[in-house]
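To keep things clear, I will list the structure first and then write my remarks on it.
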Amino acid sequence: MFFFGLGVALGWDSKDTMVRSHNSALSILGGFLLAKKYVPWYYLAPFASASYVLGMNIVYLSGLIMASPWNGKRETYL
């Protein structure tokens with residue numbers, strides 16, 4: 001992750017780290033949504049924007065890269 005000015009750049013060094021970050025972001029989002037049902041909102045509010053925005057960006061970008069035909073050799077990722 002690289003922060004510059006008003007932006008953030010996300011990237012991965014290898015396919016293994018991309019798959020790992022994709023799966024961990026999905027599990028964090030799922031856990032957050034499950035906690036949202038059972039935990040009062042004022043405990044979760046400080047973490048809501050970070051988990052929604054960064055979590056979904058990681059999930060979508062890694063999903064797009066894994067589904068891209070220019071990604072190299074076709075492999076099973078998940």
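Bear in mind that the values in this text are calculations on the coordinates, not laboratory data. Predicted model, so just to flag it, every value in this text is computed and none were measured. Heads up, the Cβs are rebuilt from the backbone with ideal geometry, glycines too, and the neighbour counts pull from every protein chain shown.
For segment 10-26, the set of residues classified as over 9 Å from the mean Cα position of the chain (by Cα), of a type outside the set (D, E, K, R) and over 12 Å from LEU61 (Cα atoms) consists of SER14, THR17, listed by residue number. Can you list residue pairs whose Cβ atoms sit under 9 Å apart, with the first residue in segment 25-48 being touching a residue at least 24 places away in the same chain (Cβ under 8 Å) and the second being of a type in the set (Gly, Ala, Ser)? Count only pairs 6 or more apart in sequence or on different chains. Correct list of pairs: ALA25/SER51; ALA25/GLY55; ALA25/SER62; LEU26/GLY55; ILE28/SER51; ILE28/GLY55; LEU29/SER51; LEU29/GLY55.
Within segment 35-45, the presence of at least one residue that is among the small types (Gly, Ala, Ser), surrounded by fewer than 16 Cβ atoms within 10 Å (Cβ to Cβ), assigned to a helix (DSSP H, G or I) and more than 13 Å from the chain's Cα centre (by Cα) is confirmed.
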